[in-house]
Amino acid sequence: GRIDLFLLDTDIEQNNDEDRKITYNLYGGNTENRLLQELILGVGGIRMLSKLNISSKHYHCNEGHAAFIGIERINKYIKDDSLNYKEAFELVRASTLFTTHTPVPAGHDMFEEDIIRKYIPHYPQRLQLSWDEFMGLGRVNPNNHNEKFNMSNLAAKLSRGMNGVSRIHGRVSREMFNSLYPEYYADEL
């Protein structure tokens, strides 16, 4: 009774049969459905909060699955406050914390470029970025077109800090994400 909980559901009459199925099962379905769920969580979550006139000074990205909250927040700053990408990026980054729970690379969602392009080809333009710059947000090496778009990389890049759920997990995560910060040793992160 102390905290409001809002659940996002696509199984509503206004949606077509395909879209109604998106939220039937958590972690269910194929890679495409997974991306759609993460778009609903991130983009839909921020839009829902906006519709409810709920704002926050701080945002917590609990796993990479929610990383699109940062993208939608940048979009809102550009659209609503007339900021440029760099300004909006810094505001989002300064007010976001990323917690990773999964200590193995296979547990972090990654998407091929073609599926990202299928569903959100308009976002780079909204963010005042080129397609390659946008895709680079989800890659360790932004210029490696063979690298998949990794939601945890996106979450890390859009956050002021990252934490784990235990000391052991923190050590494993420092090693796992070290490639995002090549100028540091893992134990310095």
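The values are calculated or read from the model by the stated rules, or taken from the named source; none is laboratory data. Note that the structure is a prediction, hence the values are computed from the model and not measured. Cβ: placed from backbone, ideal geometry, glycine included. Neighbour counts: every protein chain shown. The area values use the complete protein model at the heavy-atom level, side chains included, leaving out ligands, DNA and RNA. Shrake-Rupley method; radii C 1.70, N 1.55, O 1.52, S 1.80 Å.
Data table
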item: Net dipole in debye of the chain [+1 Lys, Arg Cβ; -1 Asp, Glu Cβ; about Cα centre; nearest 20]; result: 540 debye
item: Cα gyration tensor, region 65-162 - rounded (a/c under 1.5), prolate or oblate; result: oblate
item: Loop chymotrypsin sites (Phe, Trp or Tyr not before Pro), region 1-80, which have at most 15 other Cβ atoms in a 10 Å radius of their Cβ (DSSP); result: Phe6, Tyr24, Tyr27
item: Histogram of C-alpha separations across the chain, 5 Å bin width, %; result: 1, 7, 15, 20, 20, 17, 12, 5, 1, 0, 0
item: Mean separation of Cα contacts under 8 Å (6+ apart) over length of region 106-159, as relative contact order %; result: 39 percent
item: Per-residue HN-Hα couplings for region 41-51 [Karplus 6.51, -1.76, 1.60; θ = phi - 60°; Hz; x = Gly/Pro]; result: 4, x, 5, x, x, 5, 5, 5, 4, 5, 4
item: Region 43-161 - accessible surface per residue (Å², probe 1.4 Å); result: 50 Å²
item: Surface share of carbon and sulfur [accessible, 1.4 angstrom probe, percent] for region 87-189; result: 51 percent
item: Links that overshoot a 27 Å alpha carbon limit, given the list Lys21/Lys57; Lys86/Lys148; Lys21/Lys86; Lys51/Lys148; Lys21/Lys79; Lys76/Lys157; result: Lys21/Lys57; Lys21/Lys86; Lys51/Lys148; Lys21/Lys79
item: Charge dipole (debye, nearest 20) of region 45-118; +1 at Cβ of Lys and Arg, -1 at Cβ of Asp and Glu; result: 320 debye
item: Region 1-124 - percent relative contact order, Cα under 8 Å, separation 6 or more; result: 21 percent
item: Accessible-area value, Val104, 1.4 Å probe, nucleic acids and ligands omitted, Å²; result: 80 Å²
item: Helical contribution to [θ] at 222 nm, DSSP H n ≥ 4, -39,500 (n - 2.57), averaged over the chain, rounded to 500; result: -11000 deg cm²/dmol
item: Region 1-42: trypsin sites (Lys or Arg not before Pro) in DSSP coil with no more than 16 other Cβ atoms inside 10 Å; result: Arg2, Lys21
